[in-house]
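Asker: For reference, the structure I am asking about is given below.
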Amino acid sequence: GVDLTTSSSKLVKLLECRAGTGADAAAASNLQPARSCINRRMRDAGAGAARAPVQRADGNFQLTGLKQAIGKDADIRVLESDLIWTYQEGADNHDADPMSLALAKGRPFKMWFRHATDDPRERIDFFKQQDPNVKVTYSEYEPSVDKLLSYVKNEGPVDAVVALFDGSIVVHLAVARLAKMGLRVPWRLSVFFGSMCIRDDNLSEPLASQPSSHPTIHVFGRRDEYYFYHRTAAGRRAPEDYYEDAVILEHSEGHQLPSPGAKQSKLVYERIAEGMRYHCGLTSAVPRRVARPPKPTSFAVRNLDDMTPRKLRVLALCGGHSCAAVIKFQTTQLKAALGKDAAEWTYLEGSKPWSWYEGEPTVSEMEEKIANGAQLKNWYMDTCHEESGKKSDRLNSFKQFDPATRVEYHDVQGAVQHLKKYIMDEGPFDVLVAFSQGCIMAHLLIGHLRQEAPGGRELYPERWKHTRHTAEQMPWRCSVFFSGMHLRDRAFLPLFETRSPHPTVHVFGKRDEYYDYGRDGFGNKPQEEYYVDPVVLTHDQSHELPTSRRGPGKSTTGSQPKSGGTAAAGPSESREA
């Protein structure tokens with residue numbers, strides 16, 4: 001794929017019309033150029049991404065698919081940056097890739113501007129830029145903006161600008177400068193591949209506060225490691241939202257322009273060509289409308305050391321008095337639903353050996369068979385202190401159900417550290433799935449991690465551990481709780497005095513003897529209220545992961561009111577976890 005290096009030294013297509021353009025016309029009107037026919041071939045100039053080799057041949061190489069779609073309707077010119085880029089170990093994502101080195105033929109690599117951050121943590125710039133709390137400051141950007149605008153004025157007419165990755169930031173900065181001056185954009189259309197936001201908040205204000213009416217097309221690769229950042233902009237206004245009626249196109253590849261020849265790539269390039277011809281008045285046919293794809297909720301699943309794709313990784317925590325073999329069996333249908341080859345599963349049991357004693361639930365024959373003689377374990381041990389202060393013959397479950405009973409967890413700190421160490425040693429994991437007591441253990445871990453500041457290379461050598469921007473961000477992406485329960489030991493309730501933003505799904509069986517208990521908080525928060533935006537699902541079975549389905553339209557799961565009502569959400573009401 002095309003590296004950042006190969007994309008930033010060229011401003012990829014500046015296509016503008018002679019009629020109504022140029023500095024004098026720009027000063028006279030804030031309107032976009034009229035969609036009059038240019039009566040000539042379109043003229044394209046291009047701005048590439050950061051670290052692109054100073055070589056016009058490289059720009060032409062990257063634009064092969066677009067050139068094929070436009071055909072002979074355009075002249076393409078490539079604009080190069082001037083600042084020399086050199087790889088910085090520990091700061092840059094990676095060095096120039098072999099293809100970029102071959103295209104450069106020994107010539108230097110370039111960048112459009114420099115930047116600095118106030119992030120004290122030792123981690124690569126890739127993570128700093130995506131951290132909403134990090135302040136980024138640009139420097140030496142004005143000469144690049146000047147170069148673009150001067151080229152359009154002096155070497156025009158230019159009809160459209162096509163920019164790659166970091167090169168798109170230069171175009172956004174130019175549009176922002178013109179907006180601040182009350183001037184219109186002196187070209188008809190901008191096309192951005194891997195459109196990136198203006199990360200310096202002091203410079204983005206003109207576009208962040210008032211979108212531009214300038215026509216734009218934004219192209220993104222869904223497998224690009226920057227895809228999440230491109231479209232969500234670290235909690236700021238995304239570049240596609242800088243402009244009114246922006247057209248969003250996507251392809252299934254990574255950090256590159258769509259590969260020529262692929263069916264999806266052809267559709268992307270054809271739609272770009274339609275927009276170019278229309279805005280240059282070469283056709284009266286209005287370009288096809290494209291539905292705006294939803295924005296992603298998380299960054300791409302990648303090996304962060306080399307940014308290669310990998311499978312989803314799921315960590316499953318068994319319940320109490322259970323073992324890894326049991327949770328592996330219990331999650332069989334969930335594994336099938338997720339996809340046989342879509343994920344790697346790891347099954348984990350607690351560290352506290354458990355044996356049956358009076359008052360504890362009896363292990364079923366099936367569980368014993370699945371365990372096959374393995375030692376059953378708990379995540380932690382607890383003691384029920386009844387209101388009378390005397391021991392009774394009640395089952396432990398009934399003691400737990402009694403709000404007057406004080407429950408005391410033992411060695412929680414040790415259990416939390418055990419689980420945290422496993423995740424840090426064996427991760428990264430993307431999803432945590434837990435059952436019964438495993439859910440309580442997960443709540444305890446999340447609550448404790450909320451109190452620990454994340455670190456960079458100064459604490460952890462592995463890159464994936466640097467993705468935590470704040471203590472509220474867990475070292476996995478989301479949690480799914482089956483037959484979970486709230487924290488019963490009041491000593492740990494302060495862990496969730498405020499709600500956690502961690503994404504969670506809570507699944508309950510309405511025939512579970514623990515159903516009411518699991519959904520109650522005994523005067524405190526129910527467990528789903530530990531989290532900001534929980535998804536709550538129910539099924540018609542008991543204390544288990546659901547194992548059966550009904551006919552079409554009669555799914556046993558659905559979003560349910562806390563009262564346990566029977567009306568399941570229809571397809572239009574469903575929410576994705």
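The values are calculated or read from the model by the stated rules, or taken from the named source; none is laboratory data. Only a predicted model underlies this, so the values are computations on that prediction, with no experimental measurement involved. Positions of Cβ are generated from backbone atoms using ideal geometry, with glycine treated the same way; all protein chains shown enter the neighbour counts. Note: areas computed on protein heavy atoms with side chains; ligands, DNA, RNA excluded. Shrake-Rupley method; radii C 1.70, N 1.55, O 1.52, S 1.80 Å.
Asker: Among the residues of segment 476-490 satisfying the criterion of being modelled with pLDDT of 95 or more and open to solvent by 10 Å² or more (accessible area, probe 1.4 Å), which is farthest from Phe126 (Cα to Cα)?
Answerer: Per the stated criteria, the residue is Phe482.
Results for (1) over 26 Å from the mean Cα position of the chain (by Cα); (2) over 19 Å from His230 (Cβ atoms), shown as yes or no for each residue.
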{"residue": "Phe109", "(1), (2)": "yes, yes"}
{"residue": "His115", "(1), (2)": "no, no"}
{"residue": "Glu122", "(1), (2)": "no, yes"}
{"residue": "Ser144", "(1), (2)": "yes, yes"}
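Asker: Scan segment 473-485 and report the pairs whose first residue is over 11 Å from Gly438 (Cα atoms) and whose second residue is of a type in the set (Phe, Trp, Tyr) and at pLDDT 95 or above, with Cβ atoms within less than 6 Å and a gap of 6+ or a chain change.
Answerer: Here the result reads Trp476/Phe429, each pair linking segment 473-485 to a residue that is of a type in the set (Phe, Trp, Tyr) and at pLDDT 95 or above.
Asker: Of all residues being open to solvent by less than 100 Å² (accessible area, probe 1.4 Å) and acidic (Asp, Glu) in segment 353-385, which is farthest from Leu444 (Cα to Cα)? Just the residue, please.
Answerer: Glu367
Asker: What residue, among those in segment 201-220 that are in contact (Cβ under 8 Å) with a residue 40 or more places away in the chain and touching a Leu at 6+ places or on another chain (Cβ under 9 Å), is surrounded by the most Cβ atoms within 10 Å (Cβ to Cβ)?
Answerer: At the first step, the residues of segment 201-220 found to be in contact (Cβ under 8 Å) with a residue 40 or more places away in the chain are 201-203, 213-215, 217, 219.
From the residues that got through so far, the ones that are touching a Leu at 6+ places or on another chain (Cβ under 9 Å) too are 203, 213-215, 217, 219.
Numbers: Leu203: 21, Ser213: 14, His214: 23, Pro215: 24, Ile217: 27, Val219: 24.
Looking at the filtered set, the residue picked out is Ile217.
Each row is one residue, and each column tells you yes or no for (1) modelled with pLDDT of 60 or more; (2) more than 28 Å from Ala262 (Cβ to Cβ); (3) in a helix (DSSP H, G or I).
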position	(1), (2), (3)
Leu11	no, no, no
Asp24	no, yes, yes
Ile70	yes, no, yes
Ile84	yes, yes, no
Tyr87	yes, yes, no
Leu103	yes, no, yes
Arg107	yes, yes, no
Ala116	yes, yes, no
Arg121	yes, yes, no
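Asker: Sticking with this one: Please find, among Ala69, Ala104, the residue that is open to solvent by less than 40 Å² (accessible area, probe 1.4 Å) and closer than 24 Å to Tyr141 by Cβ.
Answerer: Within the list Ala69, Ala104, the selection yields Ala104.
Asker: For segment 254-270, which residues satisfy the criterion of being open to solvent by 20 Å² or more (accessible area, probe 1.4 Å), at pLDDT 90 or above, more than 21 Å from the chain's Cα centre (by Cα) and not aliphatic (A, V, I, L, M)?
Answerer: Ser259, Lys266, Glu270 - these are the residues of segment 254-270 that are open to solvent by 20 Å² or more (accessible area, probe 1.4 Å), at pLDDT 90 or above, more than 21 Å from the chain's Cα centre (by Cα) and not aliphatic (A, V, I, L, M).
Asker: Continuing with this model, one more query. When the residues of segment 438-458 are narrowed to those that are open to solvent by 40 Å² or more (accessible area, probe 1.4 Å) and more than 22 Å from Met307 (Cβ to Cβ), which ends up modelled with the lowest pLDDT?
Answerer: Looking only at segment 438-458, we keep the residues that are open to solvent by 40 Å² or more (accessible area, probe 1.4 Å), and these are 451-453, 457-458.
Next cut, more than 22 Å from Met307 (Cβ to Cβ) only: 451-453, 458.
Working: Gln451: 95, Glu452: 92, Ala453: 88, Glu458: 85.
Top of the filtered list is Glu458.
Asker: Which residues, counting only those in segment 107-123, are within 26 Å of His466 (Cβ to Cβ) and surrounded by 14 or more Cβ atoms within 10 Å (Cβ to Cβ)?
Answerer: Taking segment 107-123 first, the residues within 26 Å of His466 (Cβ to Cβ) are 109, 111-123.
Correct list: Phe109, Met111, Trp112, Phe113, His115, Thr117, Asp119, Arg121, Glu122, Arg123.
Asker: Here's a follow-up. Might you check whether a residue that is closer than 17 Å to Gly484 by Cα and over 36 Å from the mean Cα position of the chain (by Cα) occurs anywhere in segment 363-370?
Answerer: Looking through segment 363-370, none of the residues is closer than 17 Å to Gly484 by Cα and over 36 Å from the mean Cα position of the chain (by Cα).
Asker: Enumerate the pairs (first residue in segment 162-178 and polar (S, T, N, Q); second residue anywhere and assigned to a helix (DSSP H, G or I)) with beta-carbon separation below 9 Å, excluding pairs fewer than 6 apart on the same chain, so at least 6 apart or on different chains.
Answerer: Qualifying pairs under 9 Å: Ser168/Pro239.
Asker: Hey, another quick one. Residues in segment 78-101 that are farther than 16 Å from Glu140 by Cβ and hydroxyl-bearing (Ser, Thr, Tyr): how many?
Answerer: Of the residues in that region, 2 qualify.
Asker: Follow-up. Is it the case that Val247 is open to solvent by 10 Å² or more (accessible area, probe 1.4 Å), touching a residue at least 12 places away in the same chain (Cβ under 8 Å) and β-branched (Val, Ile, Thr)?
Answerer: yes
Asker: A further question on this structure: Checking His466 against (1) closer than 23 Å to Ser298 by Cα; (2) in contact with a Cys (Cβ under 9 Å, 6 or more places away or on another chain); (3) in contact (Cβ under 8 Å) with a residue 60 or more places away in the chain: exactly one of these is not met. Which one?
Answerer: Unmet for His466, out of (1) closer than 23 Å to Ser298 by Cα; (2) in contact with a Cys (Cβ under 9 Å, 6 or more places away or on another chain); (3) in contact (Cβ under 8 Å) with a residue 60 or more places away in the chain: (2).
Asker: Restricting attention to segment 73-101, report how many residues are of a type outside the set (Asp, Glu) and open to solvent by 60 Å² or more (accessible area, probe 1.4 Å).
Answerer: 8
Asker: Do you know which of the residues in segment 386-396 that are surrounded by fewer than 15 Cβ atoms within 10 Å (Cβ to Cβ) and not acidic (Asp, Glu) is nearest to His443 (Cα to Cα)?
Answerer: Residue satisfying both the conditions and the ranking: Leu395.
Quick grid of which residues meet (1) at pLDDT 95 or above; (2) surrounded by 24 or more Cβ atoms within 10 Å (Cβ to Cβ):
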| position | (1), (2) |
| --- | --- |
| Ser190 | yes, yes |
| Arg231 | yes, no |
| Pro239 | yes, yes |
| Ser252 | no, no |
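Asker: Among strands (runs of 3 or more DSSP E) lying entirely in segment 324-430, which contain 3 or more residues that are more than 24 Å from Lys465 (Cα to Cα) and not basic (Lys, Arg)? If you could, list the steps in order and put the result at the bottom.
Answerer: Details: elements: 343-348, 381-385, 406-410.
Answer list for segment 324-430: 381-385, 406-410.
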